[in-house]
Every structure is written in structure tokens, then in C-alpha cells.
Amino acid sequence: MYRTHTCGELRISDVGKKVSLSGWVQRTRDKGFMLWVDLRDRYGITQLILNEEETPAELLEKARTLGREWVIQVEGEVIERASKNDKIPTGEIEIKVTALNVLNASKVPPFTIEEDTDGGDDLRMKYRYLDLRREGVRENMIFRSNLAIETRKYLAGSGFIEVETPNLIKSTPEGARDFVVPSRLNPGQFYALPQSPQTFKQILMVAGFDKYFQIVKCFRDEDLRADRQPEFTQIDCEMSFVTQEDILNTFEGLTRHLFKTTLDVELPSFPRMNYDDALRLYGSDKPDLRFGMEFVELNDIIKEQAVGFSVFESAELVAGICAKGIASAYSRKDIDKLTDWVKRPQIGAKGLVYVKFEEDGSIKTSVGKFYNDDLLKAWGELFGAEKGDMLFILSGELDKTRKQLGELRLELGRNLDLIKPGDYKPLWVVDFPLLEWDEDENRFFAMHHPFTSPKKADIEKMMSDDHEILKGLRADAYDLVINGAEIGGGSIRIHDRALQSKNFKLLGFTPEEAEEQFGFLLGAFEYGAPPHGGIAFGFDRLCAVLKGQTSIRDFIAFPKNNMGRDMMIDAPANVDKKQLDELYLDLKEIKSGE
Ligand code: ASP
């Protein structure tokens, strides 16, 4: 028998039992007359003890050969420890070893299997099986598993059925490039891997399934950022005969259930904010509401005051934020540092204006040449600023300035410790625009995806040719944001063939292209498509946000690196000529172009 117990199981009440354990050697400590081994498995660590007086010499000798990560099986008796360790649940006992079996030796691992490992990212990825032995990563994977199980419980309990949709499909546009797979049986033709199961779940609604969900892999060939993976997982859902309100309520319920069952956290209310307000007040469509600092726009007062400061007076937007109580502590050096920060190309502001309302009533500012104290006090009133507060103001083009100020707000939130650990602030952002104008390509793109329905009141306006009117179209589209991270998004869909065709037209599809790519969906709409809508949550991100971490990689068992490579199996990789020939692929051009 390999084991009677796991390495996380034995307690003081088990003293006297004869047991058998199996696991990995975390470390050994040899004091000569006494030898300890920390034995580890998924469930915990149990200390083994051997000593010169009681342990047969041969056994002690064998134990001295053990190295890190060797796999062993031991038999022995549970005894009370002389010096207890209150940091681990098994810390009151140890096992007096009477027999030891080496099940497998191990090379010395290339990094330590401990929380603060010395392994760099790529090394840990290459030896992911060792990295996954570390407690933190393992806990993350267990957490992910629990989250998936709770998701299934909640949705199944609400009448959803889980349906698998295919992975070898035709393009589903979610705004990224497709991964394609050549078809051997259909020379010269390719499948696309799904960017999402969007069209299939809509078809399931036409089929009358009413409530669908799937925890599903999606594939998007995008340039990778720290928080992106070419394949990632969604909790994907669709419902029939629902309004936006029904969907928001259902998924607020799911989110509450997940926080409650996995973290025992009762979430606060889920306020709603429309997209325009989110941009106007926070410069982002995913505002972090864990702290305030809403934007205040100064254009009107700047115009009234008209002191001749052209940087402000000619700007499309002058807006700022107020940091409470920092005026006296915020030094010249801090200001310079922050100014450099906003001027970095990633942020791109031209400069940063500050106003300090000092405790003694004096005012310090970088624009004192233009604005006297009375004028600045009038600004302060708009912000509700009190003595001790400090304003930071940016100006320039509307969209850019909002974005920059949004970044500045987050930076100050982090630097000034305004974000309390363990605080969760959910938010529904609603009323997204239907279309987004792309200056470079000179055409509209769907803000969410091409199947999103405009608001009923805006359907008429879709018939217009006027770009300004089209830009103003609102969609029944919504995002769930928690702590500034987009957890998920969805929309009410178009379920009418004519309206869907109109939308494709606005997005630049010819009728032939629309028919070729989405004829099946347009066709299905002619056979009794019910009104429907849905949502998808980014499952990897949801795991990370719940655990208060920033990297989704730490929640994926076998993630890819920034170049989209799997370092362990070394993929992507070349394939041999025969395979290419079978697929009618000729790589001559790539080879010579390398
Ligand atoms: N398919 C969408 C996405 O992947 C979600 C949805 O609209 O339900 O973002």
C-alpha cells in the first residue's frame, strides 16, 4: 500500500497510529544524530524523523541519500513533536520512520520548489511540472477548479444546459485574427478556431434551447500583452426571451454566488453606469471604483476666466482630479516624478498642472503666472477641494486627455494607497456605442461584435447615411467590471434577418460577403429566431481578480509566453515535408523570406 494518509492529514489526535505516507522530499535536515525530512504532496507537508538511537543504521544511511524532489514511501509511527510548528496544520506531529522506499530519484530541480522561487518565467514554464508543485500555483489551480464547479452548479440550478460547440469552424469575428487549421480532406481550405462560440450559441437559441452555457476555450491571434493568452477560457452563456435587465440580474446572481462560495465575500451593490459617463468621469470604459477621484471638467470656467493661457483656452478638454489631504506631503520631487510619468510615451501627456491648497490657506500652483488665488479658489470649489487637497489637471484633445487622466487617476490610486486589499467594487457599464469609426481604415467596426442589437429607439437611425448619426447609435451592450478589470461583456442580439443584413452593410460587408460568411445565421433567422441575448465572462481573468492577482498566467495550468510559445512542449514547431504536402502547403516563400 502506497499510503494510509496524505501528507496534509495527520494531527495530534493520530499520535500512536502506524501509518504509511508517499510524496516528494521537500528538504532534509541532517544534524548527525538526528535527520528530518519534509515530505510533501498536494495536501501538505509532514515531517519525518529518524535518529541514531532508534533507527536501524541501514535505514538512516538510505535516508541520507535522499535528494530534493525524490519520490519516496515511508512507514512509521505518528508521534508528538518536541518543537511544534504552528504554521502548518500537521505541525504538532511527526512520523518516526520504520521503513523507507525510494519510488523514484530526481535530478536536482533547476529552481526551488518554494513560494519565493528563484526561477525566472521561462525556466518555470519549461519545467511547468515543477512549477505546478509550488503551493501558490497549485492553490490557484484548485481555486480555478472550484470556481468552474460553482459556476456549473449555479447555472445548472438556474436552468442552463451545457452544450459543447465545435472548435473547427469558420471565422467568428470578435475583433481579432483567427487561428486557422488546414484541412487535408478539403485541399486549400481552412478551418478557423473559434474566437468565441458566438454564432453557435445564437443558433442554439433558434433551436429552442432557451438557456445555454459552456466553459469553453476561445482562440484569438492577437499581439500578446502581459494579460493576454492566445487561448483562454470563457464562461459563455445565451438566453432567449430576455431583456438586458434579465441578463444583468442573472449574471449578478452568478457573480455573487461565486464570490460567496469561493471567498465568503458578500459583494456590494452592482451599480450601473453608462458608457458616456464612464469616459467623462473616469476616462475609461472599465473604471476602478475602489476609490473616488472623479474627473471635473474645467472648460466653462477656463473660458469665463479668459486670462490668455492658450494651452488651456485652446484645448478641447481641460479636466482634473482632486487628491485629498496630500498637499503638504507632496514634494517638488514627487511632482517632477509624476510629471515625467505622464509625459512618458505610453501616457503621452504634454505636461501636468497642479494646484495645492495648503493648510495655511496659501495656494501653490504651476500656473500662478496666469491664475491668481481668487481664480484658483473658484476651480477648487468645482472640485469640492478643501485645505490640504491638491488638484492635478491635464488638457488637450478630448479622447486622449480623458485616457491620460484616467491613467493618472489609477497611478495616484496606487501610489497614495487608496486601494484597500480585499475590497471588491463591481459595476455594470451599459449603453455602449454600436459602431466605432476607424480613422485609419476609414470604416466602421462593431464595438462589441456584428450580432449586437442597437437600442430599439435607435433602429430607425441605422437607416441613415450620416456618419455623425451612426456614431451616436447606442447598443444593448454591457460589460461587467470589477476593480477596473473587464470581467465580461455581452449584448442583446439582432434576431431579424433584415436588421442583421443592414448591420453587416454598415460594417462594410457586401451582401455576397455577408452571405458567404454568415449565410447560415441569416438563414436561421428566417426559421423562427426568438429574441435573445447573452454574455461571456473571461474565466482566467475572473480567477485572477477574485484572488487579487494581476496575471492570468498563474491561473492557467500550461500557459504560453509573450511570443505565444509553449516553452514546455516547445510549440509552435516545424512539421515535416510529408505532412505539409498532405495539406497542400508549400512553405517555400516563408523559408526564403526568413
Ligand atoms: N461572444 C462575446 C465575446 O466573446 C460575448 C457575448 O457577446 O456573449 O466577447
(message) I'm trying to understand the selection: among the residues of the stretch 211-228, which are closer than 23 Å to Leu258 by Cα and more than 14 Å from the ligand (Cβ to nearest atom)?
(response) Asp227
(request) Examine the stretch 33-41 for a residue that is open to solvent by 20 Å² or more (accessible area, probe 1.4 Å) and among the basic types (Lys, Arg), and state whether such a residue exists. (result) no
(request) Quick one: which residue in Arg402, Arg443, Arg409 is over 17 Å from Ala319 (Cα atoms) and of a type outside the set (Asp, Glu)? (result) Arg443
(message) Going through Thr46, Thr55 one at a time, which residue ends up being modelled with pLDDT under 95, in contact with a strand residue (DSSP E or B) (Cβ under 8 Å, 6 or more places away or on another chain) and either surrounded by 13 or more Cβ atoms within 10 Å (Cβ to Cβ) or assigned to a strand (DSSP E or B) (or both)?
(response) Thr55
(message) If I filter the stretch 116-132 for residues that are free of Cβ contacts under 8 Å to residues at least 24 places away in the same chain, among the polar types (S, T, N, Q), assigned to a loop (DSSP other than H, G, I, E, B) and surrounded by fewer than 19 Cβ atoms within 10 Å (Cβ to Cβ), do I get at least one hit?
(response) yes
(request) State yes or no: is Gly384 at pLDDT 95 or above and open to solvent by less than 30 Å² (accessible area, probe 1.4 Å)? (result) no
(request) Search the stretch 10-32 for residues being over 24 Å from Lys87 (Cβ atoms) and in a strand (DSSP E or B), and hand back the single one that is most open to solvent (accessible area, probe 1.4 Å). (result) Lys18
(request) Kindly check whether there is at least one residue in the stretch 357-372 that is open to solvent by less than 60 Å² (accessible area, probe 1.4 Å), assigned to a helix (DSSP H, G or I) and in contact (Cβ under 8 Å) with a residue 40 or more places away in the chain. (result) no
(message) I'd like to check something: does the stretch 453-474 contain any residue that is closer than 17 Å to Val206 by Cβ and modelled with pLDDT of 95 or more?
(response) yes
(request) Of the conditions (1) over 22 Å from the mean Cα position of the chain (by Cα); (2) at negative phi; (3) modelled with pLDDT of 95 or more, Arg443 clears all except one; give me its number. (result) (3)
(message) If Gly538 meets every condition in (1) modelled with pLDDT under 95; (2) open to solvent by less than 50 Å² (accessible area, probe 1.4 Å) apart from one, which number is that one?
(response) (1)
(request) For residues that are in contact with a Lys or Arg (Cβ under 9 Å, 6 or more places away or on another chain), of a type in the set (Val, Ile, Thr) and under 21 Å from Val307 (Cα atoms), tally how many sit in the stretch 338-395. (result) 3
(message) Would you confirm, using the coordinates I've provided, whether Arg81 is surrounded by 14 or more Cβ atoms within 10 Å (Cβ to Cβ) and out of contact with any strand residue (DSSP E or B) (no Cβ under 6 Å at 6 or more places or on another chain)?
(response) no
(message) Tell me the residue from Phe520, Phe504, Phe509 that is more than 16 Å from the ligand (Cβ to nearest atom), open to solvent by less than 70 Å² (accessible area, probe 1.4 Å) and not in a loop (DSSP other than H, G, I, E, B), please.
(response) Phe504
(message) Can you pull out every residue in the stretch 302-339 that is open to solvent by 70 Å² or more (accessible area, probe 1.4 Å), touching a residue at least 40 places away in the same chain (Cβ under 8 Å) and more than 20 Å from Ala385 (Cβ to Cβ)?
(response) Val311, Glu316
(message) Here is a list: Glu486, Glu441, Glu468, Glu436. Which entry is part of a helix (DSSP H, G or I) and either over 21 Å from Leu248 (Cα atoms) or within 16 Å of the ligand (Cβ to nearest atom) (or both)?
(response) Glu468
(request) Any residue in the stretch 180-206 that's on the phi > 0 side of the Ramachandran plot and within 10 Å of the ligand (Cβ to nearest atom): show its pairings with residues that are open to solvent by 10 Å² or more (accessible area, probe 1.4 Å) and part of a helix (DSSP H, G or I) at Cβ separation under 9 Å, as long as the two are six or more apart or on different chains. (result) none
(request) Could you please give the count of residues in the stretch 237-255 that are closer than 16 Å to Val206 by Cβ and away from the ligand (no atom under 14 Å from the Cβ)? (result) 1
(message) Against the definition (within 20 Å of Ala378 (Cβ to Cβ), assigned to a loop (DSSP other than H, G, I, E, B), modelled with pLDDT of 95 or more and open to solvent by less than 80 Å² (accessible area, probe 1.4 Å)), how does Ala349 come out, yes or no?
(response) no
(request) For the stretch 387-418, enumerate the residues that are open to solvent by 50 Å² or more (accessible area, probe 1.4 Å) and either in a loop (DSSP other than H, G, I, E, B) or not hydrophobic (A, V, I, L, M, F, W, C) (or both). (result) Lys387, Glu397, Asp399, Lys400, Lys403, Glu407, Arg414, Asn415, Asp417, Leu418
(request) Can you work out which of the residues in the stretch 19-36 that are over 35 Å from the mean Cα position of the chain (by Cα) and in contact (Cβ under 8 Å) with a residue 60 or more places away in the chain is farthest from Glu135 (Cα to Cα)? (result) Val19
(request) Name the one entry in Thr151, Thr172 that is surrounded by 14 or more Cβ atoms within 10 Å (Cβ to Cβ), within 16 Å of the ligand (Cβ to nearest atom) and modelled with pLDDT of 95 or more. (result) Thr151
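The values are calculated or read from the model by the stated rules, or taken from the named source; none is laboratory data. Note that this is a predicted model, so its numbers are computed, not measured. Here the Cβ is made from the backbone with ideal geometry for all residues, glycine too, and neighbour counts use every protein chain on show. Just the protein is used for accessible areas: all its heavy atoms, side chains included, with ligands, DNA and RNA removed. Shrake-Rupley method; radii C 1.70, N 1.55, O 1.52, S 1.80 Å.
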